[in-house]
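Beneath this line is the structure, given in structure tokens, with notes to follow.
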Amino acid sequence: MNSPAAPVTIRRHGTVAVVEISNPPVNALSKGVRIGFLEAIRTLATDASVACLAISGGAGRFIAGADVREMNLPPEDPLLPDMVAAIDALDKPVIAVIDGAALGGGFEIALACDGRVGSSSAVVGLTETRLGIIPGAGGTQRLPRLVGMARAIPLICEGRILKAKEAMEMGLLDEIVEGDLLATAIARAPGWGKRRVSSLSVPAGDAGEEAAASAAALKGAKGVPAIGEAIRVIRATGEGDFSAGLARERAAFLALRQSPEAAALRHLFFAEREAGKVPGLEGAAPRAIAKVAVIGAGTMGAGIAVSLADAGFSVALVERDAHAAEAGLKRMRRLYERPVKSGRLSQAQADERIARVTPTADWQALADADLIIEAAFEDMAVKADIFSRLDAVARPGAVLASNTSYLDLDAIAAATARPQDMVGLHFFAPANVMRLLEVVRAEKTAPDVLATALALARKIGKQPVVAGNCDGFIGNRIYAVYRRHAEYLVEDGATPEQVDAALEAYGFAMGIFAVSDMSGLDIAFAMRKRRAPTRDPNERYVSIPDRLCEAGRLGCKAGAGWYAYDSTGEKSLDPRTEEIIAAARSEKGISPRAFPPEAIQLRLISVMANEGAKVLQEGIALRASDIDLAFVNGYGFPRLKGGPMFAADQIGLDKVLQEIEAAHADGGAGSEPSILLRELVRTKGNFTARTSSYRTS
Ligand code: NAD
């Protein structure tokens, strides 16, 4: 019988012992690895024939970090600090042989060694803050000893991943080996000598630079508690001896590990990995995409073209006439101004990317495209016309996509003779910046077309979330309910600024009314008019935003919307809005009530989760975590709260159901509690646990 390969093995090369970790795919530090590693170190410590050790993760790897799944459970012995302490206690030189990712706990192990050699594909970094924690096995104490405090602070607080060359320049790698890395390391090891980082003192630094690095890291922290803790622990490195620093670090690590913020970030970490797994796509190979065409070069088309050009695609940007095509190119150029100004991109790089895009009014440019993304007006007649005409031009097998926000994708697909090639690619504004890409599966979308969309998302650095076809798909459908209930709160007595302040206190960068002003109130106004004939008469309707629009208050672009805006774009409260709200209340005989911020937050999170539950129940979303990803990456939902479904679980679904019953009484038809929510309350389940039933690994 074959036993599974041991996660840690020892191979001897003369006096050198190679300790090899093998825990595919990334050598995460699972319990079995920790046990095997400690056994190996203990054996080698007392073996007089061994002069030195090389720690290897095998070809193409080192150790990519802790096993994140274990972090939802209490820590189990032996711990990562035990591994690091065992290296530190050895009286033989140890070299880390890095042929891939040495991240988080993996890099902490490398830092405990006497030397680090890597191949040119080595990457290193202490990435723990990305998961809301800090390094917990000496990383915050050893890194400053090698690079100084002022450089260690941004590296740890930003969770930066360094490529081999940069790591070498900073002194984090001793050598980059071209050729056989392990053989070279084995040859070098006997002469290496001991150089424990723990015995070095922290290089004297410039206090001003350290303070500036801390201030910059805190500014970029976006409320992540781990950043403040990391700075505190790093800056105390020089106080007391090494073991005092380790104890401070460990205490902070353990407290952060069980914080709700870290749990939320872990949830999103898994959510991102799950989102690409779609049942039914197992055997589907993505179609090859080299040339892309975008139809419509407005706000979205220009942003989509930038996103594609950034990833190296050549793009035909097709407009109605030459003039509109030129305007589209100008729009694209403007989008490149900001990254050039901030220094993220050189003008030459921007020019190179812009040169990949060919603006044109000639439909022949569509003929050799492997993927055609339509981003024309949000009008069924316009889209149906475009797709029916595409049949004659697009090459067989080309993937056809629409960026529609709300329209029925099956109806658009019905306009072509190839509905199997059709998929929704719902980008978010600004399309070159926002990470979310809702991939909408129409009824006849072929599996390999969906697989192509997912592969494209990865290639252009977007987070895909697969949605079924319905009005507003996952994101806009839930958002519409959220907005409606925010308006009910206002009509019932809250002010728009109270609602916005409560949302901002919860962690949103902007409140919903400020966001509406920014996007323009006319878009939702047009949608409400479109839906008026089919609206359920029992759904409560708030006419305040219609009145704002009728008064010309279309948002920021008009200088007024829910708020008033001065010439610099600064917003202020507006008595005119208050009058409009007061008139609407008195017409309905509503006497205004007071809403504390917690009540506003509970109501709005609950209604999002309830609509999310309906979306799940109908199979529009595959899993609750996909909804969370959509809201965090497309709608500014605070990452530290994990998304509306995760947040509802944390609140407690019985409390959420109670709140939904009240929301139903306030909102009428369309606000009913979902069957799934009731079911989960009855069975004492939750949305996040339900997610796990879809896990395929
Ligand atoms: P827009 O009005 O800024 O741009 C539309 C462009 O399409 C215009 O430049 C127009 O000239 C061009 N166009 C119209 N008909 C055409 C045709 N037959 N052939 C070639 N070009 C044509 O609109 P937008 O905001 O960029 O929206 C485009 C699509 O993206 C819509 O379906 C919209 O719902 C969707 N969308 C918009 C946003 C947003 O926030 N603006 C977000 C997500 C999705």
Inset, instruction - Would you confirm whether any residue within the range 408-427 is near the ligand (Cβ under 7 Å from one of its atoms) and open to solvent by 40 Å² or more (accessible area, probe 1.4 Å)? - result: no
Inset, instruction - Within the range 558-575, count every residue that is in contact with a helix residue (DSSP H, G or I) (Cβ under 9 Å, 6 or more places away or on another chain) and either loosely packed, with under 12 Cβ neighbours inside 10 Å or closer than 18 Å to MET510 by Cα (or both). - result: 9
Inset, instruction - Given the conditions (1) under 23 Å from SER606 (Cβ atoms); (2) within 32 Å of the chain's Cα centre (by Cα); (3) open to solvent by 40 Å² or more (accessible area, probe 1.4 Å), report the number of the one that SER519 does not fulfil. - result: (1)
Inset, instruction - Would you be able to tell me the number of residues in the range 276-312 that are away from the ligand (no atom under 15 Å from the Cβ) and either at pLDDT below 95 or open to solvent by 10 Å² or more (accessible area, probe 1.4 Å) (or both)? - result: 19
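Being outside any helix (DSSP H, G or I) and under 20 Å from the mean Cα position of the chain (by Cα) is the filter here, so list the residues in the range 641-688 that pass it.
Going through the range 641-688, the residues outside any helix (DSSP H, G or I) turn out to be 642-643, 652, 668-674, 683-686.
Across the range 641-688, the qualifying residues are GLY642, GLY643.
Take ARG235 and decide whether it is in contact with a Ser or Thr (Cβ under 8 Å, 6 or more places away or on another chain) and surrounded by fewer than 19 Cβ atoms within 10 Å (Cβ to Cβ). Break it down into steps so the answer makes sense when it comes.
Values: in contact with a Ser or Thr (Cβ under 8 Å, 6 or more places away or on another chain): yes; surrounded by fewer than 19 Cβ atoms within 10 Å (Cβ to Cβ): yes.
Yes.
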Inset, instruction - Restrict the check to the range 186-193 and report whether at least one residue is within 25 Å of ALA96 (Cβ to Cβ), open to solvent by 20 Å² or more (accessible area, probe 1.4 Å) and free of Cβ contacts under 8 Å to residues at least 60 places away in the same chain. - result: yes
Legend entry - Residues within the range 120-163 that are under 20 Å from the mean Cα position of the chain (by Cα), among the basic types (Lys, Arg) and in a helix (DSSP H, G or I), tallied: 1
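Only one of these is in contact (Cβ under 8 Å) with a residue 60 or more places away in the chain and of a type in the set (Gly, Ala, Ser): ALA244, ALA288. Name it. Spell out how you get there, then give the answer.
Details: ALA244 fails: in contact (Cβ under 8 Å) with a residue 60 or more places away in the chain.
That would be ALA288, the only listed residue that is in contact (Cβ under 8 Å) with a residue 60 or more places away in the chain and of a type in the set (Gly, Ala, Ser).
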Legend entry - Condition check for ALA376: in contact with a Lys or Arg (Cβ under 7 Å, 6 or more places away or on another chain), closer than 30 Å to ARG338 by Cβ and either part of a helix (DSSP H, G or I) or more than 13 Å from the ligand (Cβ to nearest atom) (or both): no
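Do you know which residues across the range 313-330 are near the ligand (Cβ under 9 Å from one of its atoms) and free of Cβ contacts under 8 Å to residues at least 12 places away in the same chain? Don't jump to the end; show me each part of the working.
So in the range 313-330, the residues near the ligand (Cβ under 9 Å from one of its atoms) come out as 318-321, 324-325, 327-328.
The answer is none; no residue qualifies.
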Legend entry - Hey, LEU256 crowded, with 22+ Cβ neighbours inside 10 Å and more than 16 Å from the ligand (Cβ to nearest atom) or not: yes
Inset, instruction - Return the only residue of LEU155, LEU143 being in contact with a Phe, Trp or Tyr (Cβ under 9 Å, 6 or more places away or on another chain) and of a type outside the set (Phe, Trp, Tyr). - result: LEU143
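What residue, of ARG639, ARG547, ARG593, is within 27 Å of ALA532 (Cβ to Cβ), surrounded by fewer than 24 Cβ atoms within 10 Å (Cβ to Cβ) and basic (Lys, Arg)? Let's see the steps before the verdict.
Values: ARG639 fails: within 27 Å of ALA532 (Cβ to Cβ); ARG593 fails: within 27 Å of ALA532 (Cβ to Cβ).
Every option except ARG547 fails the conditions.
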Legend entry - Number of the exception - ALA524 against (1) within 16 Å of the ligand (Cβ to nearest atom); (2) assigned to a loop (DSSP other than H, G, I, E, B): (2)
Legend entry - Any hit, the range 50-63, residues being out of contact with any helix residue (DSSP H, G or I) (no Cβ under 6 Å at 6 or more places or on another chain), of a type outside the set (Ser, Thr, Tyr) and under 27 Å from GLU261 (Cα atoms): no
Legend entry - Residue identified as at pLDDT below 95 and assigned to a loop (DSSP other than H, G, I, E, B) among THR691, THR696: THR696
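From the list GLU497, GLU504, pick out the single residue that is open to solvent by 20 Å² or more (accessible area, probe 1.4 Å), modelled with pLDDT of 95 or more and in contact with a Gly (Cβ under 6 Å, 6 or more places away or on another chain).
Details: GLU497 fails: in contact with a Gly (Cβ under 6 Å, 6 or more places away or on another chain).
Every option except GLU504 fails the conditions.
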Inset, instruction - Please indicate, with yes or no, whether at least one residue in the range 331-338 is touching a helix residue (DSSP H, G or I) at 6+ places or on another chain (Cβ under 7 Å), more than 12 Å from the ligand (Cβ to nearest atom), in contact (Cβ under 8 Å) with a residue 60 or more places away in the chain and not in a loop (DSSP other than H, G, I, E, B). - result: yes
Legend entry - Number of positions in the range 377-396 that are touching a residue at least 60 places away in the same chain (Cβ under 8 Å) and open to solvent by 30 Å² or more (accessible area, probe 1.4 Å): 1
Inset, instruction - Can you confirm whether the range 442-464 contains a residue that is within 14 Å of the ligand (Cβ to nearest atom), open to solvent by less than 30 Å² (accessible area, probe 1.4 Å) and among the hydrophobic types (A, V, I, L, M, F, W, C)? - result: no
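Residues that are within 20 Å of ASP385 (Cα to Cα), over 26 Å from the mean Cα position of the chain (by Cα) and in the same structural domain as ALA431 (by TED's automatic domain parsing): does the range 327-346 have at least one?
Going residue by residue through the range 327-346, those that are within 20 Å of ASP385 (Cα to Cα) are none.
For the range 327-346, residues within 20 Å of ASP385 (Cα to Cα), over 26 Å from the mean Cα position of the chain (by Cα) and in the same structural domain as ALA431 (by TED's automatic domain parsing): absent.
Each row is one residue, and each column tells you yes or no for (1) among the small types (Gly, Ala, Ser); (2) farther than 17 Å from ARG232 by Cα; (3) crowded, with 24+ Cβ neighbours inside 10 Å; (4) in the same structural domain as GLU210 (by TED's automatic domain parsing).
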{"site": "SER119", "(1), (2), (3), (4)": "yes, yes, no, yes"}
{"site": "VAL123", "(1), (2), (3), (4)": "no, yes, no, yes"}
{"site": "GLY139", "(1), (2), (3), (4)": "yes, no, yes, yes"}
{"site": "LEU146", "(1), (2), (3), (4)": "no, yes, no, yes"}
{"site": "MET149", "(1), (2), (3), (4)": "no, no, yes, yes"}
{"site": "GLY159", "(1), (2), (3), (4)": "yes, no, no, yes"}
{"site": "LEU162", "(1), (2), (3), (4)": "no, yes, no, yes"}
Legend entry - Which numbered condition THR404 misses (of (1) over 32 Å from the mean Cα position of the chain (by Cα); (2) within 11 Å of the ligand (Cβ to nearest atom); (3) not acidic (Asp, Glu)): (1)
Legend entry - GLU611 being open to solvent by less than 40 Å² (accessible area, probe 1.4 Å), assigned to a helix (DSSP H, G or I) and touching a residue at least 12 places away in the same chain (Cβ under 8 Å): yes
Inset, instruction - Answer yes if at least one residue in the range 627-634 is within 16 Å of GLU659 (Cβ to Cβ), open to solvent by 10 Å² or more (accessible area, probe 1.4 Å) and not aromatic (Phe, Trp, Tyr), and no otherwise. - result: no
Inset, instruction - Answer yes or no: is there a residue in the range 245-258 that is at pLDDT 95 or above, among the aromatic types (Phe, Trp, Tyr) and either out of contact with any strand residue (DSSP E or B) (no Cβ under 7 Å at 6 or more places or on another chain) or closer than 30 Å to LEU390 by Cα (or both). - result: yes
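The values are calculated or read from the model by the stated rules, or taken from the named source; none is laboratory data. All of these numbers come straight from a predicted model, not from anything done at the bench. Using ideal geometry, Cβ is built from the backbone for each residue, glycine included, and neighbour counts are taken over all protein chains shown. We work out accessible area using only protein heavy atoms, side chains counted, and drop any ligands, DNA or RNA first. Shrake-Rupley method; radii C 1.70, N 1.55, O 1.52, S 1.80 Å.
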